[in-house]
Structure formats: structure tokens, C-alpha cells
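Handing you this structure, nothing more for now.
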Amino acid sequence: MNSDNLSWLLEDFRRQVPDVRGLILFSADGLPTSFSGMPEDEADALAALGASINSMVAGASAHTGSGGVRSTLIESDEAFLMLSQAAERTGLLVVVPASADLELAATAVEQLVSRVGSHLATPARR
């Protein structure tokens, strides 16, 4: 399994977790590697956003000495954005509606990352 095209894994995740509207795997430099439940232009924008947020949160954590960041939650009026460090140089962004069972979705994301995270690493760019 590699992260070149894991759309099948993400599609399967969306089928199993009904509250998930969309999700994307992205490289640390903000490029989408796989996505499900959204058009390509939205995946491009969210990949860049996710990488930026992960970088900012890691910087804040380093300055406060609070250790590594495992996840970030952004709450808006209509949705939650859940960001996780899925693997080395790879992030995962999951979009769920505000009406979702957030605990169920977060647990499913944690299980996905722990189950297959080691296979999701983005290769270093040359």
C-alpha cells in the first residue's frame, strides 16, 4: 500500500463512517495525495490549508514545549475540520457536518491512522 492513490481506502472509510462528508490525504508541502467526497479543486485548496495549519500548530507546540501534535479540530458554523498527522510527511483532513457525531468520527479517524498510518507516508521529494 502506498499513498500514490489511496482513494479506495478513503471511499471505504466514507462508506463506513456515515457522518464524513469528505477527506483528503496531503503531503507536508500541501499537495493532495488522495481524496474522497470532494472535487479536485476543493482537494487542492484543502491540502494547502491542511499543511499550513499543521505547520502552524507544530510551531506553536514547539514554542510552548507541549510535545508533538496528534490532531487539530476546527469548528465552524456548518462543519468540523479534523486534522491529523497521518504518517511521516502526510496529513489527513476530514470534513464532517456540525450535526455529526463528532466522537464517532474522531474515533474512526484515530483507528484509521493507527491501522494504516505507517503505509501512508509521503516519500521525500527530490
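Ignoring everything except DSSP H segments at least 4 long, calculate the 222 nm mean residue ellipticity for the chain; use -39,500 (n - 2.57) per segment, divide by total residues, nearest 500.
-13500 deg cm²/dmol
Report the relative contact order of the chain, percent, no decimals, based on alpha-carbon pairs under 8 angstrom and at least 6 residues apart.
After rounding, I find 26 percent.
Can you sort ASP77, ASP19, ASP44 by 1.4 Å-probe accessible area, starting with the largest?
If we order ASP77, ASP19, ASP44 from most to least accessible, we get ASP77, ASP44, ASP19.
Right, here's the next one. What does the accessible area per residue of the chain come to in Å², with a 1.4 Å probe and no ligands, DNA or RNA counted?
56 Å²
Tally up the carbon and sulfur contribution to the accessible surface of the chain as a whole percent, 1.4 Å probe, everything protein left in place.
For the chain, the apolar C and S fraction of the accessible surface comes to 52 percent.
For the chain, which span is the longest to avoid every loop-located (per DSSP) member of GluC sites (Glu not before Pro) having at most 14 other Cβ atoms inside 10 Å?
The answer is 1-77.
The values are calculated or read from the model by the stated rules, or taken from the named source; none is laboratory data. All values derive from a computational prediction rather than experimental measurement. Because the Cβ atoms are built from the backbone with ideal geometry, glycine has one as well, and the counts that use them run over all protein chains shown. Just the protein is used for accessible areas: all its heavy atoms, side chains included, with ligands, DNA and RNA removed. Shrake-Rupley method; radii C 1.70, N 1.55, O 1.52, S 1.80 Å.
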